[in-house]
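This report concerns only the one structure given below.
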Amino acid sequence: MTSPPRDGAPLLEVHGLNVAYGDVQVLWDVDLVIHAGETVALVGSNGAGKSTLLNALSGLLHPISGSIRMNGAELARQTSGQFVRAGICHVPQGRRLFVGMTVRENLMMGAFSRTDSAAAIRQDFEQVLSLFPRVKERLNQLAGKLSGGEQQMVAIGRGLMARPHLLMIDELSLGLSPIMVDTIFDVIKAVQAEGRTMLIVEQDIQAALEQASRGYVLDTGRITHEGAAADLLASDAIRAAYLGI
């Protein structure tokens with residue numbers, strides 16, 4: 001895995017990204033920048049293209065055109081494995097755990113591509129368990145037997161086990177109870193305190209922007225607003241279009 005840049009330096013740079021499914025174009029000229037150590041929210045309504053963008057940023061979709069640079073290296077037409085080696089980890093919508101494997105096994109799958117020491121991996125494993133005490137209680141249970149909220153905890157923990165330079169989480173709160181959403185966002189705050197870089201994709205615009213330092217609004221495949229999260233939350237246009245205020 002490549003070394004991350006210093007805090008505040010550009011980590012991920014996306015320019016002029018166009019993505020399609022067959023003949024149907026979904027993303028149009030998307031520009032996005034994430035700096036090391038910050039949390040960025042990508043928000044928008046259902047069907048806006050948020051998951052498509054994350055799939056492109058993890059190498060699952062190849063763009064028609066445009067650039068995806070991670071730590072200065074061009075990735076736009078590389079394999080998903082090369083995105084992983086560049087330090088990008090994608091926690092997908094729907095969790096997509098290995099339901100026939102235990103919680104412990106799912107977490108350790110997150111570290112499969114790491115080449116550092118077993119001691120470092122064990123340290124991260126203990127850190128994940130400290131963030132998710134409920135996960136610690138269920139290490140030997142099959143992942144498919146967990147509740148939706150517990151599965152989301154395991155999915156995020158698996159992502160953290162990769163020790164990525166950029167952790168991308170798609171639809172963080174989808175299908176979770178309000179109490180579980182609060183728990184998950186508390187964990188995000190703890191991860192932020194460690195200086196991790198994150199891209200959070202979320203339909204709940206207010207919750208996402210309250211967690212982030214900056215944000216991008218995606219509408220029908222185009223970035224329509226960007227800026228400081230507090231400024232976006234205060235925007236009359238955003239409040240009217242997405243918050244019903």
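A few points about this structure:
- Top-ranked residue of region 100-127 - restricted to ones that are small (Gly, Ala, Ser) and within 19 Å of Gly149 (Cα to Cα), ranked as surrounded by the fewest Cβ atoms within 10 Å (Cβ to Cβ): Gly100
- Single residue of region 202-245 satisfying the filter (in a helix (DSSP H, G or I) and within 19 Å of the chain's Cα centre (by Cα)) that is modelled with the highest pLDDT: Ala229
Yes/no per residue for (1) surrounded by fewer than 24 Cβ atoms within 10 Å (Cβ to Cβ); (2) more than 15 Å from Pro92 (Cβ to Cβ); (3) free of Cβ contacts under 8 Å to residues at least 24 places away in the same chain:
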residue	(1), (2), (3)
Gln151	yes, no, no
Met161	yes, yes, no
Lys189	yes, yes, yes
Glu210	yes, yes, yes
Gly215	no, yes, no
Arg222	yes, yes, no
His225	yes, yes, yes
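- For region 177-192, the condition of being closer than 18 Å to Gln151 by Cβ and assigned to a loop (DSSP other than H, G, I, E, B) holds for at least one residue.
- Residue that is outside any helix (DSSP H, G or I), within 20 Å of Thr197 (Cα to Cα) and at pLDDT 95 or above, where the choices are Leu27, Leu54, Leu42: Leu42
- Any chance Leu139 is buried (at least 16 other Cβ atoms within 10 Å of the Cβ) and out of contact with any Pro (no Cβ under 8 Å at 6 or more places or on another chain): no
The values are calculated or read from the model by the stated rules, or taken from the named source; none is laboratory data. The structure displayed is predicted, hence computed values, not measured ones. Backbone-built Cβ (ideal geometry, glycine too); neighbour counts: all protein chains shown.
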